[in-house]
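Just so you know, all these numbers are worked out from the coordinates, no wet-lab data involved. Every value quoted in this text rests on a predicted model; they were computed, and no experiment measured them. Virtual Cβ from ideal backbone geometry, glycine too; neighbours counted across all protein chains shown.
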């Protein structure tokens, strides 16, 4: 059996590296910051007006505060075009070749074909 000692441990001082000296040190960019960094890269003329960029960022945060955002990897326009290409390339028996040509799975080819069978206007864009 071991006995517990009644000695007190010395108080630990906070690690200076863990406690930021300035508010900017613990700043983590959010989605708005990242998107605007990207926009400034694409449109260098925005660099000349940081006050305007900051104002727009604040307005976006105010408008969309607390909302979760999902940004799909590609637009519905891209998917619609892909569906049209599947139908154009499809000869009734070449799902594997269509999939390879378009860089999609055979399951996706069949899914598009099934959707066109159930709802032809969805694929043709009518």
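For the range 45-126, the relative contact order works out to 22 percent when only alpha carbon pairs closer than 8 Å and six or more residues apart are counted. Computed from label points 7 Å out along Cα-Cβ, the spacing between residue 94 and residue 111 is 2.3 nm. Restricting to Cα pairs below 8 Å that are 6+ residues apart, what does the relative contact order work out to for the range 76-124? Please round to a whole percent. Value for the range 76-124: 35 percent. Note on residue 51 and residue 35: the model spin-label points, each 7 Å out from Cα along the C-beta direction, lie 2.4 nm apart. If the chain linking residue 28 and residue 101 were pulled fully straight, counting 0.36 nm for each residue of separation and taking away their Cα-Cα distance, it would gain 22.1 nm.
Taking a virtual spin label 7 Å from the Cα of residue 74 along the C-beta vector, which residues in the range 83-117 bring their backbone nitrogen under 11 Å of it? Under 11 Å, as judged by backbone N against the label point of residue 74, lie 83-86, 102-105 of the range 83-117. Peptides 48-56, 104-112, ordered by how many other C-beta atoms sit within 10 Å of their residues on average, highest first, read 104-112, 48-56.
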